[in-house]
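Structure first, then comments.
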Amino acid sequence: MGNNNYYGLILAGGRGTRFWPQSRKRHAKQVLAIGLDERTLIQQTVDRLRPLIPAERLWILTNSFVRDEIIRQLPEIPAEQIIAEPAQRNTAPAIGLAAHILSGIDPDAIFGVFPSDHVIGNPDHYLDLVKIAFQSAAEGNIAVLGVEARWAETGYGYIEFPKDEPRTPAAVTRVIKFHEKPNKEKAQEYKDAGNYYWNAGMFFWKAGVIADALFRYRPSVAEPLAELPPFAAPNFMAELERVFPLCQDISIDFAVLEHATNVTGVPCDEFGWNDVGSWEAVYDLLPKDANSNAGRSEVITIKATGNYVDAGKKLVALIGVDNIIVVDTPDALLVVHRDKAQDVGQLVKDLETAGRENLL
C-alpha cells in the first residue's frame with residue numbers, strides 16, 4: 001500500500017458568517033481570496049495537497065449554494081467529486097459518506113480530512129507532517145494533527161498528549177484525550193502544561209477503519225449511510241437525498257474520536273497554521289504600515305492606528321480612529337472594533353431573524 005491509496009476529503013460546507021459582508025451563502029469564506037494571496041482559500045487547500053494527492057483523488061463535500069462556484073474555481077477536480085450535501089449534518093455524516101464512497105472505489109483507500117478555509121504559512125513542512133499522519137493511518141490507526149498551542153485560545157478544542165513522553169514532529173504518539181473548547185483559565189492551564197495541542201480538524205484513517213468505528217460508536221450515523229448504493233450506481237444521488245438527512249447531526253469528535261482506543265497524534269511544530277476565523281485573523285496575517293494599519297485598499301490615515309480596511313478600489317480615509325475593521329461591499333458596509341470581530345457571526349443571525357435574505 002502506497003501513495004496511490006491516499007485520498008483527500010475537503011470539507012467546504014461552512015458559510016463563514018464572521019466574514020460578512022463579503023462571505024454570503026453563494027460566495028462563502030472558502031471561495032474568497034483572503035489576505036494577500038490571489039488564490040481563494042479552497043484553491044490554496046488543493047494547491048498544497050496536490051504534491052501528495054492528485055486532483056483525481058480529491059473529494060469535496062459542500063452545500064448547494066456554493067457548489068457551482070467551487071466547480072468553477074477547481075476545474076482540475078472532476079465535478080462529480082464535488083458533492084453538495086442534501087442537508088447540514090456536521091462532520092460525522094460527511095466523513096461517513098466519504099468512507100462509503102471511497103471504500104467502494106478502493107478497498108485500500110486511506111483518506112485525510114482537511115478544512116477548506118485555513119491558511120498554511122509553510123506548506124512544505126505541513127506536507128511532511130501530513131505524510132507522517134498518513135503513515136500512521138496506513139497501520140490501522142486513527143491519526144490526528146495537533147497544532148502547538150501558541151497562546152491560551154478558548155476558541156479551539158485541544159488534544160492531550162502524554163506529559164512525560166517525548167513529543168517530536170517526526171514521530172507519532174498516543175492521544176490521551178480530546179478536550180472541548182475551554183474557558184480562559186483552563187486554556188491557560190493547557191498552554192502552561194505544554195502537552196495540550198490545538199485540534200485543527202485534520203484527521204487520517206483507512207476508509208474501512210472509520211466506517212467500522214462509526215458503526216460501533218455511532219450507528220445513528222452509519223446505519224442510514226449503509227443503505228446507499230455504490231457511488232457509480234445511477235440512483236446514488238437520489239438515495240443520498242433520501243438517507244443523508246436521516247443521519248444524526250453530530251461532529252466526528254463526539255461521534256468517534258472521544259471513544260476510540262486506536263487514536264494516535266502527530267504533535268506538530270510550527271507550520272504557519274491559521275484558521276482565519278475572523279477579520280481580526282486577516283488583520284494579523286497582513287503586513288502593517290508604520291502605524292500598524294493593514295488592508296487591501298488604498299488608505300490615508302491621520303492619527304489612526306491598528307485598523308484593517310477592505311473596500312475594493314475605493315480610497316478610505318481614517319482620522320483619529322484606532323483598532324477598527326472596515327469592510328465595504330456594494331450592498332453592505334461593516335464597521336466593527338477589532339476586539340468584537342467574533343460578533344459578526346451574531347450579526348448574521350440577527351439578519352436571518354429579520355428575514356434579510358438579500359444580505360445573506
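The values are calculated or read from the model by the stated rules, or taken from the named source; none is laboratory data. None of the values given here were measured: they were computed from a predicted structure. Ideal geometry is used to build each Cβ from the backbone, glycine not excepted, and the neighbour counts take in all protein chains shown.
Considering only the stretch 269-285, I want to know if a residue exists there that is of a type in the set (Asp, Glu), closer than 30 Å to residue 140 by Cβ and touching a Leu at 6+ places or on another chain (Cβ under 9 Å).
yes
Take residue 262 and decide whether it is more than 30 Å from residue 21 (Cα to Cα) and either assigned by TED's automatic domain parsing to the domain that holds residue 336 or touching a strand residue (DSSP E or B) at 6+ places or on another chain (Cβ under 7 Å) (or both).
On the way: more than 30 Å from residue 21 (Cα to Cα): yes; either assigned by TED's automatic domain parsing to the domain that holds residue 336 or touching a strand residue (DSSP E or B) at 6+ places or on another chain (Cβ under 7 Å) (or both): yes.
So residue 262 fits the description; yes.
Of everything in the stretch 203-249, what is over 27 Å from residue 3 (Cα atoms), in contact with a helix residue (DSSP H, G or I) (Cβ under 8 Å, 6 or more places away or on another chain) and of a type in the set (D, E, K, R)? Give them in sequence order.
218, 223, 227, 249
Determine if the stretch 53-63 includes at least one residue that is within 18 Å of the chain's Cα centre (by Cα), within 20 Å of residue 17 (Cα to Cα) and not aliphatic (A, V, I, L, M).
Scanning the stretch 53-63, I find at least one residue that is within 18 Å of the chain's Cα centre (by Cα), within 20 Å of residue 17 (Cα to Cα) and not aliphatic (A, V, I, L, M), so the answer is yes.
Of all the residues that make up the stretch 6-19, how many are surrounded by 19 or more Cβ atoms within 10 Å (Cβ to Cβ), modelled with pLDDT under 95 and not β-branched (Val, Ile, Thr)?
Taking the stretch 6-19 as the starting set, the residues that turn out to be surrounded by 19 or more Cβ atoms within 10 Å (Cβ to Cβ) are 6-13, 15-19.
So of that shortlist, the ones also modelled with pLDDT under 95 come out as 13, 15-19.
Those still in the list that are not β-branched (Val, Ile, Thr) too: 13, 15-16, 18-19.
Of the residues in the stretch 6-19, 5 are surrounded by 19 or more Cβ atoms within 10 Å (Cβ to Cβ), modelled with pLDDT under 95 and not β-branched (Val, Ile, Thr).
Listed here are the residues, each with its yes/no results for (1) touching a strand residue (DSSP E or B) at 6+ places or on another chain (Cβ under 6 Å); (2) among the basic types (Lys, Arg); (3) in the same structural domain as residue 136 (by TED's automatic domain parsing).
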residue	(1), (2), (3)
285	no, no, no
294	yes, no, no
300	yes, no, no
303	no, yes, no
332	no, no, no
